[in-house]
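The next block holds one structure in the form of structure tokens; read it before the comments.
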Amino acid sequence: MKYFSKKRFTTRQVIGLLTIVFLGITVIAYAVSIPNTFGTGQTISSGAVNQNFQALADAINTGDVTCPTSMVRSGSACIDKYEASVWKTTNAALIAKIKAGTVTLAELQAGATQYGLTGGDLAANGCPDTGNGCKDFYAVSIAGVTPSAYITWFQAAAAARNSNKRLPTNQEWQVAALGTPDGAPCVVSTGGPGNTGTAGCVSDVGTYDMVGNVWEWVADWVPFSTACPGWGGFSDDNMCLSGASTTNTGPAALVRGGSWAYGTTAGVFAVNGYNYPSDSYSYIGFRAAR
Ligand SMILES: [Ca+2]
Ligand SMILES: [Ca+2]
């Protein structure tokens with residue numbers, strides 16, 4: 001049975017058909033494209049605005065956003081590669097570079113002063129233990145410097161905030177730390193901190209010194225711990241997050257990873273609930289996240 005009769009199209013009909021198809025594809029392509037630049041005075045449709053917001057939301061939700069080179073991607077967060085150093089400056093250009101995560105050590109040394117190097121130096125220079133009024137101090141992730149310590153949780157959180165960052169949560173710290181060597185070459189058996197960026201003391205995602213060097217404040221607070229039972233057979237790392245004091249006059253803020261003096265009890269599981277957020281010690285620093 002014959003359903004169709006043979007019929008040749010004219011050249012004009014073919015050109016017309018192809019033109020329609022081409023125009024159709026062009027319209028569809030424009031409809032699904034996302035313009036990223038707009039001209040002065042141009043009327044922007046709600047559709048174009050919504051498309052841009054949707055693209056941004058998709059990028060954030062899928063983690064497809066770029067971390068600055070001073071940080072690494074870890075799950076949905078960017079986390080500092082290095083233990084923080086805290087610098088005071090009022091230089092707007094330098095502050096912009098710090099916030100962008102692109103500042104160099106030479107630029108910092110020329111235009112800022114590092115604190116958290118001796119007991120009380122932050123408070124004496126305008127960043128009190130409470131964090132109140134601590135506006136000119138910035139947390140920086142950079143290799144080759146003494147990590148700042150002698151810093152309360154409040155001062156650390158303020159310095160992170162000033163750099164458009166925050167303290168990582170306990171969970172964020174944990175997953176960023178996984179894979180770091182448990183001991184050498186990490187700094188776990190010395191008389192003081194080494195410079196940030198210890199060769200080989202690196203995690204699966206590319207962060208340095210999450211084992212040893214300085215303990216690191218994380219965001220989480222808990223009731224002050226009362227015991228130190230360890231991890232049992234799971235790990236030789238320090239575990240002093242047990243019990244809940246009803247008499248200590250304040251909560252504890254968690255610290256992670258152990259310090260330069262912790263030997264085998266340093267490690268990616270080391271956790272301690274024995275420090276008030278208002279405490280500051282030579283062996284507790286932090287890193288920031290975004
Ligand atoms: Ca550390
Ligand atoms: Ca260990």
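As an exercise, use a Förster radius of 25 Å and the Cβ-Cβ distance of LEU105 and LYS135 to find the FRET efficiency, rounded to the nearest 0.05. With R0 = 25 Å, the Cβ-Cβ based efficiency is 0.60.
Net charge within 13 Å of THR180 by Cβ-Cβ distance, Lys/Arg positive one each and Asp/Glu negative one each, not counting THR180 itself? Don't skip to the end; give the middle numbers.
Working: positive: LYS81, ARG256, ARG287; negative: GLU83, ASP182, ASP204, ASP209, GLU216, ASP237.
For residues surrounding THR180, the net value is -3.
Could you tell me whether the range 207-290 comes out rounded, prolate or oblate from its Cα gyration tensor? Rule is a ≥ b ≥ c as square roots of the eigenvalues, rounded for a/c under 1.5, then prolate if a/b exceeds b/c, otherwise oblate. Taking the square roots of the gyration eigenvalues as a ≥ b ≥ c, the range 207-290 is oblate.
Rounded if a/c is under 1.5, else prolate if a/b is larger than b/c, else oblate: which is the range 74-286, with a ≥ b ≥ c the root eigenvalues of its Cα gyration tensor?
Working: a/c = 1.83, a/b = 1.31, b/c = 1.40.
Oblate.
Between ALA124 and ALA227, the modelled label-to-label distance comes to 4.2 nm, taking each label 7 Å out from Cα in the direction of the beta carbon.
Quick check: net charge around GLY285, other residues with Cβ under 12 Å of its Cβ, Lys/Arg +1 and Asp/Glu -1? If you can, show how the numbers build up before the last one.
On the way: positive: ARG256, ARG287; negative: ASP80, GLU83, ASP209, GLU216.
That sum, taken over residues with Cβ under 12 Å, equals -2.
How large is the Kirkwood hydrodynamic radius of the range 60-178, counting all unique pairs of alpha carbons, in Å? After inverting the mean inverse Cα-Cα distance, the result is 14.6 Å.
Cβ-Cβ distance of ASN248 and GLN171, R₀ of 25 Å, FRET efficiency by 1/(1 + (r/R0)^6): the value works out to about 0.55.
Every read-out reported here was derived from the displayed coordinates using simple, explicitly stated rules and does not represent laboratory data. If you're wondering where the values come from, they're calculated on a predicted model, not measured in any experiment. Ideal geometry is used to build each Cβ from the backbone, glycine not excepted, and the neighbour counts take in all protein chains shown.
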